[in-house]
Ligand code: GLN
């Protein structure tokens, strides 16, 4: 199994480390030719969604990535990655997102909450995070914090408003790997 990690900007190295700890090979996507490599899934990291979206367009990656996700490539977006998958950018996930939802004061915080399909007390580090106002159609909420949706799944697409790659708990990444395993079976 081999997972592509979008490495234009943001917290991509931490995602690669999580994958390596789970025994999965990764490679970085920095330009269009990287995308030609064989892959079983894609991670879109946190960072700055506007910057990432502009770079995706400038590099000619935006449409090819959108097409493959639509065709069923498993994808995991965290924080800015969640925003990128929403209708604000790639539009492959039916989520209505509120950007920088926690304001400047409460911009970054840590909590633990249950996550459907994963279990109890999942560590959740939020950094100027979005939340999901509403999931639409086939999209399902997997976790809420203070009444707001912070994780969701739609088919092979998984998003978290928090950064599981910044804590030691591998369960969210393992959950993504299970989505990939089901897809390649
Ligand atoms: N606030 C950022 C954005 O809007 C997301 C922050 C993050 O990814 N940690 O893109």
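Structure notes:
- Evaluating residue 74 against the criteria (1) surrounded by 22 or more Cβ atoms within 10 Å (Cβ to Cβ); (2) at negative phi; (3) within 16 Å of the ligand (Cβ to nearest atom) leaves one unmet condition, (3).
- Pairs, first under 20 Å from residue 65 (Cα atoms) and at pLDDT 95 or above in segment 7-35, second part of a strand (DSSP E or B) and within 16 Å of the ligand (Cβ to nearest atom), C-beta under 6 Å, six or more apart: 12/5; 15/5; 15/43; 16/5; 26/5; 28/5; 29/6
- Selection within segment 30-50 - within 29 Å of residue 107 (Cβ to Cβ) and more than 8 Å from the ligand (Cβ to nearest atom): 30, 42, 43, 44
- Across segment 17-29, the qualifying residues are those that are in contact with a strand residue (DSSP E or B) (Cβ under 8 Å, 6 or more places away or on another chain) and assigned to a helix (DSSP H, G or I), and the one among them that is farthest from the ligand (Cβ to nearest atom) is 20.
- Among the residues of segment 57-90, those identified as out of contact with any strand residue (DSSP E or B) (no Cβ under 8 Å at 6 or more places or on another chain) and touching a residue at least 40 places away in the same chain (Cβ under 8 Å) are 59, 72, 89.
- Restricting segment 82-96 to residues that are in contact with a helix residue (DSSP H, G or I) (Cβ under 7 Å, 6 or more places away or on another chain) and assigned to a helix (DSSP H, G or I), the residue that is farthest from residue 135 (Cα to Cα): 84
- For the residues 110, 175, the requirement of being more than 21 Å from residue 53 (Cα to Cα) and surrounded by 14 or more Cβ atoms within 10 Å (Cβ to Cβ) singles out 175.
- Here the condition is being more than 24 Å from residue 17 (Cβ to Cβ) and modelled with pLDDT of 95 or more; of 97, 150, it holds for 97 alone.
The values are calculated or read from the model by the stated rules, or taken from the named source; none is laboratory data. Being a predicted model, the structure only gives us computed values, none of them experimental. Glycine gets a Cβ as well: all are built from the backbone with ideal geometry, and neighbour counts include every protein chain shown.
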